[in-house]
Amino acid sequence: ATVTVVDEIIPTALCKDVTVTLDANGTASITEADVDNGSSDNCALSLSLYQSNFGYADYPSTTVTLTASDATGNSAACTANVAVMVPCDDLNYGGQIGDTEVGCCPFDPAQMVNINLPSGGGNAPIEYLWLSSNDPQLPLNQWTVEATQGDSLDPGLITETTYYIRCARRLGCTEYLA
């Protein structure tokens, strides 16, 4: 007599969320064991992880999939959130933008560009914040946010004297340099 064992029991995939901190090169990695939260099956079980390496593009978080498979091909999957932390190694120089332009209102000034790039700190990408005000004496927290991306700004048509400041910081830092 021949006995055939058929495994039709699907594995149980259980995940847990994890946090990684990028190193000085901007990378971090995890293993299946880092996100496995007690996955199981009635037979031998293998785990595989879809995405185990992380970088700046994954900040502030990303989702990974853990697949639990048994020898007969049954499988189940779960997802885990990976919080990606970037240690602050900030700029020591915020850079310098283009010169003063004067024109009669309404006036469309040229795009403001770098004269000197921001520098210092680690390898994390640089984040920018552009502010404008009609009164340069106002505290910065009362200026208007014009844009939050890009090292240059095209302010478009202006109808009164307007002052601009570009602030910069490294990803993972909380304070901007103006």
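Sorting D154, D99, D58 by accessible area puts them as D99, D154, D58; the probe is 1.4 Å, largest comes first, and only protein heavy atoms count.
Only helices enter this figure: runs of n ≥ 4 DSSP H residues, each worth -39500 (n - 2.57), summed and divided by the residues of the chain, yield -500 deg cm²/dmol at 222 nm to the nearest 500.
Heavy-atom accessible surface of the range 21-178, averaged per residue, reaches 56 Å², computed with a 1.4 Å probe. Taking the chain, the Cys residues with no second Cys beta-carbon under 4.7 angstrom are C43, C104, C105, C167. Only the Cβ atoms of Lys and Arg (+1) and of Asp and Glu (-1) were treated as charged; on that basis the dipole of the chain about its Cα centre amounts to roughly 160 debye. Surface composition of the range 1-122: carbon and sulfur make up 50 percent of the accessible area, probe 1.4 Å. Which label belongs to the value computed from this structure, given these candidates for Cα extents along the principal axes in Å: (i) 100, 31, 25; (ii) 40, 34, 33; (iii) 42, 31, 28? Identified label for the calculated read-out: (i).
Report note on the peptides 167-174, 59-66: ranked by the mean count of other C-beta atoms within 10 Å, highest first, their order is 167-174, 59-66.
Over all other residues within a Cβ to Cβ distance under 14 Å of D7, the charged ones net out to -3, with Lys and Arg as +1 and Asp and Glu as -1. When you restrict to C-alpha pairs under 8 Å that are six or more residues apart and normalise by the size of the range 58-103, the relative contact order lands at 36 percent. With Cα atoms defining each centre, the range 132-173 and the range 1-72 are spaced 45 Å apart in the structure.
Normalised by the number of residues in the chain, the mean separation of alpha-carbon contacts (under 8 Å, six or more apart) gives a relative contact order of 20 percent. Each other residue within a Cβ distance under 13 Å of T72 adds +1 if Lys or Arg and -1 if Asp or Glu, for a net charge of -4.
The values are calculated or read from the model by the stated rules, or taken from the named source; none is laboratory data. This one's a predicted model, so the numbers in the text were calculated from it and none came from an experiment. Neighbour counts run over all protein chains shown; Cβ positions are idealised from the backbone, glycine included. Areas reflect the complete protein model, heavy atoms only, side chains present, ligands, DNA and RNA absent. Shrake-Rupley method; radii C 1.70, N 1.55, O 1.52, S 1.80 Å.
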